[in-house]
Every structure is written in structure tokens, then in C-alpha cells.
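See below for the structure under consideration.
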Amino acid sequence: MSQKQNIFANIDLTLVIIYIVLVLTGWLNIYAAVYNEQHNSIFDFTQNYGKQLIFIVSSFIIALFILVIDTKFFSQFAYLIYGIFLLLLVAVLGAGNVVSGSKSWFQIGGFALQPAEFAKFATALAMAKFLSAPDINTHRNQTKIIPLLLLGIPALLIFLQNDTGSALVFSSFVLVLYRVGLSGNLLLTGVGIALLFLVTLMFDKIVVSGIFIGFALVLFFFIKKNRKNILSLAGLLLLIVGFVFSVDYAFEHFLEDHQKTRINVLLGKEIDLKGAGYNVNQSKIAIGSGGFLGKGFLKGTQTKYNFVPEQSTDFIFCTVGEEWGFMGSVIVISLFIGLFSRLIILAERQRSQFSRLYGYGIASIMFFHFLVNIGMTIGLAPVIGIPLPFYSYGGSSLLAFTLMLFVFIKQDMNRLQLV
Amino acid sequence: MPDYNASKFYMKNSYYSNRKYIIIITFIIVGIIFALRLFYIQVIDRSYTLSANNNVLRYITQYPARGLIYDRNGKLLVFNEAVYDLMVTPNHVKNIDTTEFCTLVGIDKAGFIERIEKARKYSPYKASAFEKQISKEAFGYLEEKLYRFHGFFVQPRTIRKYPQSLAAHLLGYIGEATQSVLDKVPYYKSGDYIGISGIEKSYEEELRGVKGMKIRMVDVFNREQGSFQNEKYDTAAIMGKNLYTSLDAGLQAYGELLMAGKRGSIVAIEPSTGEILAFLSSPTYDPNLLVGRVRSKNYQKLSNDPVKPLLNRALMGQYPPGSTFKIVNDLIGLEEGVLFPSTFYSCQGPGTSPIRCTHNHVSPLDLKQAIQQSCNPYHWQVFRSIINKKEYGSVKNAYNAWQDYVTDLGFGIKYNSDLPYELDGNIPESEYFDKIYGKGHWNAMTIRSFSIGQGEILTTPLQLANLACIIANRGYYITPHLVRSVGSPKSYIERFTQKHQTKIHSQYYDFMVEAMFQVVEHGTAAWYKLDSIPMCGKTGTAQNPHGKDHSLFICFAPKDHPKIAMAVIVENAGFGSTWAVPIASLLIEKYLTGTVKRKDVEQRMIEFNMISKP
């Protein structure tokens, strides 16, 4: 009675509303993307849009379920849930089906289940649990290694499924680590290394090394010429040049051809209009032809006539870009940014460290998907097949993201009772 | 304990809690970068819209029917026949039954592969011609079954047909536009037809109409999905304009018959209007040979033929006018006052010098007799007196004046009417002689061959026929032209109605008409005079350094209110009176009376064959 009324009293409506808007507009876009004139009812269950409705309804039920169960359930069973999905990740390597080159799916009845999607959720729980332990000492080596293991093991297992994109998602947890004290300088160094990585790939390794040697020589004239400085400068230069050459070597010898092509296409070194380049090219064409206001609902010619591959999954944003134009695209982007920011703000006001870190965790995961998926459609990120949360067609993805989000909403609802 | 831990947490947390701002700002910056990128590709850069359209739009050219060409009596000279080009888009050709396809089209497997490769080389994703002008039967079979052969479609075209099979040089022919045309004129795309010679060329713009365009939407498998924006951008093809020529098909056909087996040309004009009634070059060919698929093969054959049937002698044949030119000198002499109808000169026949006479006649003789009998020495005297006229002060000045008159009479110039590839003949400038002989070192004697229409003087049959018109009209001509009206029978062309008045006074023309009448009544053309029709003319026998003399005759009839003026040239046929005159007189008989009574003459003309091997 009064207790029941209190259950939903503190629910953060902003998050719930953004969630519902994204899910429903995502559903409409799937309808537009795979629109089939013979089956033009949005409720037609033989088509993807009809199926997505089933997933949506299931997600709503799950969400409701989460909101009513005990608040402490997830923090208590975090490691257990994590362990279960780890086992499923191993199992799928043996008993799973191969879809689009990755062995990532279980076939259950008429539906397919992708454990990797849920593993992201489980990892967020486990990370939050570990990092929120009361006696945690961030300076001990053990404390530094275990989070890497918590991230690395599922990432490796997913990588073994041949789903490199989902494996890369786990790198997004760096934002969580940053929040608990990971050195900002370390983060910047990481970004610097990534940029150096890019520069090495874009330009010739001799040229790049030459430029750094030149820099060093110039610097040499300005520093105090004592032993310490000279050694540091020389050492740093050696490190950089060594890195440049190893990156180049690694790129040539450790990447598969199609991965090399995707990166080259992104960097503009290759045009490959048949393979990886074709997808992005068609995607840019579809989005770019949307203009300021878009071509209108169901009137997108590129998506209507199937020029963009994977239009209901990885490239779902193309439908938005083509049919709703710049205005529509900006609105969708704003909704996402709003979602992530709201999550961070709410995470920050939690008294429970677990809730806080869990919030940061899921915001990072979703942000990473957003960054790579949309970036890929507009040619700013390599073609890595990961879904756009709440938008891409797919039951596992929608369920997993709904789970992620509503567990946090639940935590936030009861924040005053948690520690 | 808990309190201590709690505060320790708060301390630690608030130590790093500002990092939330950094993280949120990172999110926002990424959002802004995406928005900027989207703005660029969606709003600023228009090439994506173009690419989108390229994916989705198929442009189907609507080819208009080319204008028809009629003769002066409404007989159809050129019309259009429908043919079909089989087009292919190589990338869309998948899973087809090649054997069945080859049977339907009528080629073998190797030919199929060859054609596909050629199309692929042109472009794998744009349509190009697989097989041009497939037969009507093939089209019939294919039309039904084409849906089974992905990547192929049929483009309707038209080709020209000539029901009368005459006037090949005049009408010209069409063919595909060459690269240089495609480069210069953007209207034409690869594979478009364009007029290459004759009036197909000179009236190309009127005849070709305007291409239309249908735009269809296609999906990724190149299947048509419907019209684009409700046909808002579709344009209909506009049919070409018809041409109504002044040609008389019956006269033309008769002329081609009489000239068969001979080299030469006939140009017949209606003097009062300048309308060309007949215009033929012999040997000629059936214009249907240069149509469609067989064109290049036949063109090769024709251009390799030693008698040069493709050469349009009427416009591009340049001949020495011979004795026909004497009229010109006479008119100039009369106008200049150095010659009178009563002027007498003596002639000793073949023994005269510096120019000997080739005819036997009375001596001395007056102007009319000299024309009638085509006396060379007489005309040498005429020419000499023109060039030596004292009032000019010098030979050069007198020659320049003479040249002026000659040009005024339509020689040495182009008429720029509606026929392409006109040559202007040759009437040399005085500077030419200055260069060869040195200034002041030449005189009438040096260029005495001009007095009898030989030497460097060259004229075209068109110019000679025009001279006949000038005399027929007693002093003026209207630019000879072939097309009376464009679009509809009554839309007459303005520039072809202007009179060119010559400098010579009409009374001299009156005299000349009489003199030319005497040529036919009693003179060199008398054999073939017509009973009922008074005809005026002048024979010519042009010396030809390469072989036998050419036979020339210019004439008009009837003497008063002439209806037809003509120039006939038969190459290497000897005396003008032997061949050119009878042919001309037969044509005039046919044109003015409708029938020919002198069947024996006709027979003899038709049988005279200089070209065919024995």
C-alpha cells in the first residue's frame, strides 16, 4: 500500500522517458529501414519490425521486473552473474552458431541469444563490485591487476568468437578507472599513444621517425644539458621510434587483410569500393543525401532500395540521417548525449560506491557503442560491427541494454537507502 | 569504524568527483564533432545527394523521330524506320541462360563474351550497347522474354529510309557522332546520330528534334521501381522538323537514269526563285546502302571504288568552263563598251593565231554569229579589248575590273546556301599573275586562255547553272537553294528570297538571250532543239589535261518566262554538243511537257556507258 506507492516514487523520469523515446523511434526506423510493401503492417511478425516489437515488449517486462525485485540483489550477486556469463561465453565457443563470421550465438527455439551482449552488463556489475570494496587500496599491485583481468578475460573470450568489435567495447571501462583515480596523465599518455599509432599508420614510418628525431634535436638546444636530461630525451626518443617501427610491423603482420583494409579505408589510404569501403561509402551517401530536413518517413531512397548493407542493425543510423536529415540526426544524438550525461550526473549523486561505479560503467559502455557505431556511419571510425543501443535491431542487444539501464534506475531509485 | 570509512570515502570521492565534468564534457565534445561532421556531409557537401541519385536513378533517353524530307510535289524522299538497340549493364548480368539468350539474339557464345567484355570495358555499372539495331524478329522474341535476362534492356531507335533511292549526294546520310563532335557539342552523347553529309548535315539542327528524358527509380538490383518525383523532371522528346525541298523527284530520277554509266553532273534551277530542281552527281549510289548496320561495310566498298561514286561532283567538281565562259566575256565586253553586237572580227579557222578555231563558219563574223558558232579567235579579241581598255591605265587595273564582273556573275565565290562542302571554283587575283610573271610583265596575251574559259579558271556545275539563271532572269539571280521551307510547307526561309542584281545592264542580257536562242536554233546545239519549246543555251568543250575533253552545256527554257535553267557536264565525253546537249534537251522536254517523244535519243543516252567494264 504505502510501501507500494513508495517503490516508484523516486524513479528518475528523465532516464525512463529518454529510454522510451529512443526505443520507440528506433522501432520506427527499423520499420523504415526494412520496409516491405507486401508486409506493410508494423506489427507483422514475419518482418524485423514486428519481431523488434516482441523484443520491446519483453524488455518492458524485464524492466518492470527489475524495478520490483530487491535493491540489493545485483550488488550481492554481481560476481555470480559475472561468472555465469563467463561460462556462457566459453560455452558458445563450443556449442554456438556462426553468424556473419562470429561464433557468438545460441539458437533457442525461434530466437537467437548472444551472450556477449549480456557479458558487458555482467562485467559492469563485477567491476563496480570490486572497485567499491571498502578496504580497497589503489596503490597495491593486486588492485591494479584484478580489474584488468575482469575486463580482459571476457574480452579475450569474445575475441576468440571472432567478434573483435564487441571485444573492443571493454576498453571503455577506462573511464570508470579514471573516475576512481586512474591517473589523468596516464589516460592522456594512452591517448597520445593512440594518436601516435594513427600517425604511424597514416604516414611512412621513416618520415614519422625523422620528424621526431628532428623535434628531439630542436629540444636538445633548449634544455639544460645535464646528464639526466640528455638520457631522458634519448630514452624517450628511442621509445617513440621503437614504438613507431613495432606498430608498423604489427600492422603488417598481425592484422588480417580485411582489418587492414578497414583501417586503411578509414584513414583514406584506400578506397575499396567493393568491400569495407562500399559500406561506409553507401552509408555516407545515404546520410549525406538527407540534407537539412531529410527526405521524410519511408521516403529514403537509399534505404528503401537497399543500397546500405546491414541497414537495420549496424547501419541503422543511416535511416535516421537519410529520412530525418540533419535536424533529425542532431536530435537523436542529443538524446544519446543527454542519456549518458544524465547517467553520469545521477551516478555522481549516489551514496553507494557500487551504484556510482556501476553507473559510470554502463554510461561508458553505451557511450562507446554510440561513438563507434555512429562514427562508422559517417566515416569517422573504422567499420566495427557493434550495435547502436536501443536502435539496432536485435533481441539480445535490446534486452541487455535495457537490463543495464534499469538496474541503474533501480539503484538510483533507492539511493537513499543504500550505502 | 563505518563513520571513519564513510568519511574516507567521501574525501576520496570528492577528490576525484570533479572528473565527472571532464567525462561529461568529453561526451558533449564528441556529440558536437558528430554534429559538425553531419552538417558537412548533409548540408554543405552536395556530392552525396548526387551519388545517391546515381545509385537510384536510371536516365532513359527518349529519342525523337528525325524530320522527314519531301520533294516539291510532296513526294517523300526520306523517312524513318524503327530499329532497336540491345543494351546491357554488365554488373547486373547474373545467372542468365546464355545458350537461350544467344539463340534469341542470333550470336554464338564467343560473340556473347566478346560483347560483354567490351561493355564492361566501357563501364561495368553504366548501360552501353550490346548489339546495335537488332532485327525486328529478334526484338519480337526478346521483348517477351527479356525480363528473364537481368541487366539487358532494349532501346528503340530510328534509321533513315529512302523510298525513291535517288539524290544520294544531295540528301546525304547520318551516322554516329564522332569523338570530335562529342567533345565540341554537349548535346550529343556517345551513340547519338548526326547528319554527316548533304542536307542531313546542313539542316541537322532542324531535323534532329530535341531529345527527351525519362527518369526511373531503380533498386540495388537495378529493377525499375517507378517514376521519379511523379515525372516532374521528365521531358518529352520533340520531333524533328520536316524539310520541304524544291527538288523535283521525277526530274532527278530521269537525270540519274540518263547519266548512268557516265561521270559528270547536272544542276537544274528554277531561275525566278533560285530553287534547285535537280542536283545530281554521277556515278551515284543507292542512299539505302549507307544506312544502319551495313553502312560501314558499304561505305568501305564505295570509297574504294575507282570511279569515286561518293564524290559530289555537282558541288565539289571544279571544271574549266570552256566555251560556256565566252558568254561572260561577251557580257563584260558589252557593258564596258569595247564590244557591240555589230563588232566584226575575222577568223581563219584552225590556222588562226594566237588561238585557233575549232569550228567552221563564215568570216568575218559578228557577235551573234560568234556565239552561235562558238568562235575562239573572235572571243580572244573580245577578251583582249577588255584587258587593254585604255581608261584603266594598266593591265592590272583592267584585269581587276574584269575579275570584279566575273565574281559579280557568281564565279569564284561560295553561295553559302544550304548545301555543305561547297567549293568556290577559281578566278585568280591579279596578284597571282604578278607573282608568277612579275609585276607589269603580263598582259592579255599571257592569259589569253581565259578568253575561251581555259587556263586557271575553274567553275563548279552549280556556278554554271547559276549563270544560266542570271541570263534567264535578264540580270539577277537568287541564291540557289534546295530547301523551301522547314517545319511546315508554307514556312519559307527568308534569306533565300533576296535578289542579287548584277552590274551589267539588262539590254545586254536581252541580246544574250537572243544569241543563245540562235545557238539552239542554228548553232552548235541545233541537232537537239525542241519543236514546241524555244530553248536557249551555250555549248562548251573544256580541254582537260588528264584525258578527253569534257562536254558542257548551259541552257534555259522556254526563252521567255523561263521555267528551268540547267548546267550539264559529262566528263571526258568530247564535244559539248555530242552528249551534254542531248541530255539537257531530254530533261527539259521531260520537265516542261511531261513526256519524252524522242525515244531514240533517250535510248542512245542511256546506253552510252563509259564506266562499266566490257
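The values are calculated or read from the model by the stated rules, or taken from the named source; none is laboratory data. Fair warning: this is a prediction, and the values are worked out from it, not measured in the lab. Heads up, the Cβs are rebuilt from the backbone with ideal geometry, glycines too, and the neighbour counts pull from every protein chain shown.
Here is the figure for segment B:230-257: residues that are within 23 Å of residue B:595 (Cα to Cα) and hydrophobic (A, V, I, L, M, F, W, C) total 5.
The residues of segment B:511-534 that are assigned to a loop (DSSP other than H, G, I, E, B) and closer than 22 Å to residue B:282 by Cβ amount to a single one, B:525.
Within segment B:209-219, the set of residues being among the basic types (Lys, Arg) and within 14 Å of chain A (Cβ to nearest Cβ) comprises just one member, B:216.
Residue A:42 meets each of the listed conditions (1) surrounded by 12 or more Cβ atoms within 10 Å (Cβ to Cβ); (2) touching a residue at least 24 places away in the same chain (Cβ under 8 Å) apart from (2).
Looking across segment B:15-41, just one residue is at the interface with chain A (Cβ under 7 Å from one of its Cβ atoms) and either touching a residue at least 24 places away in the same chain (Cβ under 8 Å) or not in a helix (DSSP H, G or I) (or both), and that is B:17. Only a single criterion out of (1) modelled with pLDDT under 90; (2) closer than 30 Å to residue A:133 by Cα; (3) not charged (D, E, K, R) is not satisfied by residue A:85, namely (1).
For beta carbons closer than 6 Å, sequence separation of 6+ or different chains, a first residue in segment B:452-464 that is farther than 16 Å from residue B:541 by Cβ and a second that is of a type in the set (Phe, Trp, Tyr) and surrounded by 24 or more Cβ atoms within 10 Å (Cβ to Cβ), the qualifying pairs are B:463/B:411. Residue B:479 passes every criterion in (1) free of Cβ contacts under 8 Å to residues at least 40 places away in the same chain; (2) surrounded by fewer than 18 Cβ atoms within 10 Å (Cβ to Cβ); (3) within 30 Å of residue B:201 (Cα to Cα) apart from (1). The set of residues in segment A:286-303 being in contact (Cβ under 8 Å) with a residue 40 or more places away in the chain, surrounded by fewer than 24 Cβ atoms within 10 Å (Cβ to Cβ) and at the interface with chain B (Cβ under 9 Å from one of its Cβ atoms) is empty. Answer yes or no: is there a residue in segment A:364-376 that is in a helix (DSSP H, G or I), under 18 Å from residue B:21 (Cα atoms) and facing chain B (nearest Cβ under 8 Å). Yes, there is a match, as at least one residue in segment A:364-376 is in a helix (DSSP H, G or I), under 18 Å from residue B:21 (Cα atoms) and facing chain B (nearest Cβ under 8 Å). In segment A:115-212, counting only helices (runs of 4 or more DSSP H) that sit wholly within it, the ones holding 2 or more residues that are crowded, with 22+ Cβ neighbours inside 10 Å span A:115-131, A:141-160, A:164-169, A:174-179. In the condition set (1) under 13 Å from the mean Cα position of the chain (by Cα); (2) closer than 19 Å to residue A:33 by Cβ; (3) touching a residue at least 60 places away in the same chain (Cβ under 8 Å); (4) in a helix (DSSP H, G or I), residue A:398 is compliant with all but (1).
Residues that are within 14 Å of chain A (Cβ to nearest Cβ), closer than 30 Å to residue A:282 by Cα and in contact with an Asp or Glu (Cβ under 9 Å, 6 or more places away or on another chain) do occur in segment B:43-53, at least one of them. Within segment B:582-595, one or more residues are free of Cβ contacts under 8 Å to residues at least 24 places away in the same chain and surrounded by fewer than 14 Cβ atoms within 10 Å (Cβ to Cβ). For segment A:333-361, filtered to residues that are of a type in the set (Phe, Trp, Tyr) and more than 7 Å from every other protein chain (Cβ to nearest Cβ), the residue that is farthest from the chain's Cα centre (by Cα) is A:354.
Each residue in segment B:489-510 was checked for being in contact with a His (Cβ under 9 Å, 6 or more places away or on another chain) and in a loop (DSSP other than H, G, I, E, B), and 1 pass. Taken together, A:207, A:176 contain a single residue that is among the β-branched types (Val, Ile, Thr) and in contact with a helix residue (DSSP H, G or I) (Cβ under 6 Å, 6 or more places away or on another chain), which is A:176.
Every condition in (1) under 13 Å from the mean Cα position of the chain (by Cα); (2) part of a helix (DSSP H, G or I) is met by residue A:389 except one, and the failing one is (2). Whenever a residue of segment B:109-123 is assigned by TED's automatic domain parsing to the domain that holds residue B:151 and β-branched (Val, Ile, Thr), it has no partner that is surrounded by fewer than 14 Cβ atoms within 10 Å (Cβ to Cβ) and in a helix (DSSP H, G or I) lying with C-beta atoms less than 7 angstrom away and at least six residues away or across chains. Among residues of segment A:49-72 that are closer than 15 Å to residue A:410 by Cβ, those with a Cβ under 9 angstrom from a residue that is among the polar types (S, T, N, Q) and in a helix (DSSP H, G or I), sequence gap 6+ or separate chain, pair up as A:59/A:402; A:60/A:402; A:62/A:402; A:63/A:402; A:66/A:402; A:70/A:76; A:71/A:411.
When residue A:287 is tested against (1) in contact with a Ser or Thr (Cβ under 7 Å, 6 or more places away or on another chain); (2) closer than 30 Å to residue A:126 by Cβ; (3) modelled with pLDDT of 85 or more, exactly one condition is not met: (2).
Within segment A:304-327, being over 21 Å from residue B:218 (Cβ atoms), surrounded by 23 or more Cβ atoms within 10 Å (Cβ to Cβ), more than 8 Å from chain B (Cβ to nearest Cβ) and modelled with pLDDT of 90 or more holds for A:316, A:317, A:320, A:324. Of the residues contained in segment B:189-208, one or more are found to be acidic (Asp, Glu), over 15 Å from the mean Cα position of the chain (by Cα) and away from chain A (no Cβ under 14 Å).
For segment A:109-134, give me each residue that is more than 19 Å from the chain's Cα centre (by Cα) and polar (S, T, N, Q).
Step one: filter segment A:109-134 for residues more than 19 Å from the chain's Cα centre (by Cα), giving A:109-112, A:129-134.
Result: A:132, single match.
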